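Below: one structure, written as structure tokens.
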Amino acid sequence: MPPDQAPAANRPDYGRRLLPLWALDPAIAYLNHGGYGATPHEVLAEQQRWRLELERGPTRFMQKTLPEALRANAAELARFLGADPQDLVFVENATQGMNAVLRSLEFSPGDELLTTTHVYNAVRNTMRHLAERFGATYIEAPLPYPMTDAQQAIDALTPHINARTKLLALDLVTSPTALILPVAALAAKARAVGARVLVDAAHAPGQIEFDLPGLGADYVTGNAHKWLFAPKGTAFLWARRDRQAGLHPTTISHGLGQGFIAEFDWVGTRDPSAWLATGAAIAFYRRMGDGAIRAHNHALANEAATLLSAALGGEEGQSPRLRGAMATVRLEGFEGQDRPAALALNDRLWREHGIEVPIIPFGGSLWVRVSAQIYNEIEDYRRLADALLTLRGA
Ligand SMILES: Cc1ncc(COP(=O)(O)O)c(C=O)c1O
């Protein structure tokens, strides 16, 4: 049976038995793959191989080997995303990709920078900072939550898109709430009023299937170090060909004025080994199942949400069709709904129960956000439900 057609959450070759492929502590139920990813040993080994090759002859490596190896890995990532390699550069992380775009743009007083209440907080800070600098207006459209239908997001955002909207920044998968947003439909509405569209796809590569050029965005940034198994510090920035002029990395270096790729490919001396291991990460992802990974993780996230919701009596944050490999469930009956309460519960789960999972304060409630990865099993989420019941009763 081809991997894509294997029963989703029941593939016998997935689950805890795969844990030794990662450095993850086997004593911990690791339910936060979405947080920082987790890099398999073989990808780390490829990264180390590049580090050692660099150190054998740093000058020759940086000047001769690196430019070509960097482009080869960028091309593999571009192909994986269905993009043209000419339109894609590496950045360190999605935060940097968002900053590069936002800080390359100029606004006038009265212009509106639009996003949603589900925006990643670091991006919120960057957008606010820019709005303040230019005397522009920063707007967060409130999205309903829990959300069961993508149309709810379209209905909530549409009234905020108007002739003053100069930029729409949208998450493909939201961070605090694990929702897949209808980016292509919203991008079309923003384009119709002349706004530029910046997509934060931090969580998307490897978690969900998406057509990057088909999003209809001007700019897309995303991480390979989360769901694509690349080493930390591996992310991309894609820009539509006609938006590449005037787009600069957050660090201006020798390539200024020499084009998109020249500007981003050299941003000063740094360790490029993570970027050079991108091809190995994609090879690992493909060998482990590609579409079968996504299908398995999605099914496991759904099962986990059902289990947690039934055990704890809290509602799910999203319907399965708005969910990739992460799910949220509302926590009721715990003390406090703020960030200190969330951090305290996260810490107790780790210290007293050996579970790593984010607890997120959102909209006046605490939510648990579980990730599903091929090294997880439904038993991990049962352990979480039992631990939460114990802590709630304590
Ligand atoms: C929507 C979104 N944007 C940006 C980020 C930041 O990613 P990074 O820390 O790799 O910059 C995250 C991380 O979870 C995210 O979920």
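Observations on the structure shown:
- Theoretical FRET efficiency, 1/(1+(r/R0)^6), r = Cβ-Cβ of residue 27 and residue 390, R0 22 Å, to 0.05: 0.80
- A full extension of the chain between residue 56 and residue 344 corresponds to an added length of 99.0 nm, given 0.36 nm per residue minus the alpha carbon distance.
- Overall dimensions of the range 238-394 as given by Cα atoms, namely Rg and Dmax in Å: 21.1, 62
- Surface composition of the chain: carbon plus sulfur atoms hold 51% of the accessible area, using a 1.4 angstrom probe and ignoring ligands, DNA and RNA.
- By the helix-only formula, in which each DSSP H run with n ≥ 4 contributes -39500 (n - 2.57) and the sum is divided by residues, the chain has a 222 nm mean residue ellipticity of -11500 deg cm²/dmol.
- Those lysines that a straight Cα-Cα span of less than 19 Å connects to residue 166, excepting residues fewer than 8 apart in one chain: 189
- The mean accessible area for residues of the chain, using a 1.4 Å probe and ignoring ligands and nucleic acids, is 40 Å² per residue.
- The order of the peptides 122-131, 355-364 by mean Cβ neighbours within 10 Å, most packed first, is 355-364, 122-131.
- Multiplying the residue separation of residue 106 and residue 121 by 0.36 nm and subtracting their alpha-carbon distance yields 3.3 nm.
- Value of D in µm² per second that Stokes-Einstein yields for the chain, Kirkwood Rh from Cα pairs, at 4 °C (1.567 mPa s): 59 µm²/s
- Separation of the residue 163 and residue 188 label points, Cα + 7 Å toward Cβ, nm: 2.4 nm
- Put simply, when 59-67, 227-235 are sorted by average Cβ atoms within 10 angstrom per residue, most first, you get 227-235, 59-67.
- FRET efficiency, residue 148 to residue 45 (Cβ-Cβ, R0 41 Å, nearest 0.05): 0.40
- Reciprocal of mean inverse Cα separation for the range 33-72 (Kirkwood radius, Å): 11.5 Å
- Whole-angstrom gap from the range 28-103 to the range 225-292, using each part's C-alpha centre: 5 Å
- Percent of Cα-Cα distances greater than 21 Å, calculated over the range 97-251: 41 percent
- Residue by residue, the range 296-307 carries 3J(HN,Hα) couplings of 5, 5, 5, 5, 5, 4, 5, 4, 5, 5, 4, 4 Hz when phi is fed to the Karplus relation 6.51 cos²θ - 1.76 cosθ + 1.60 (θ = phi - 60°); x denotes Gly or Pro.
- Antiparallel %, DSSP beta bridges [both residues in the range 46-283], to 5: 35 percent
The values are calculated or read from the model by the stated rules, or taken from the named source; none is laboratory data. What you are looking at is a predicted structure, and each value in this text was computed from that prediction instead of being measured. Cβ: placed from backbone, ideal geometry, glycine included. Neighbour counts: every protein chain shown. With ligands, DNA and RNA removed, areas are computed over all heavy atoms of the protein, side chains included. Shrake-Rupley method; radii C 1.70, N 1.55, O 1.52, S 1.80 Å.
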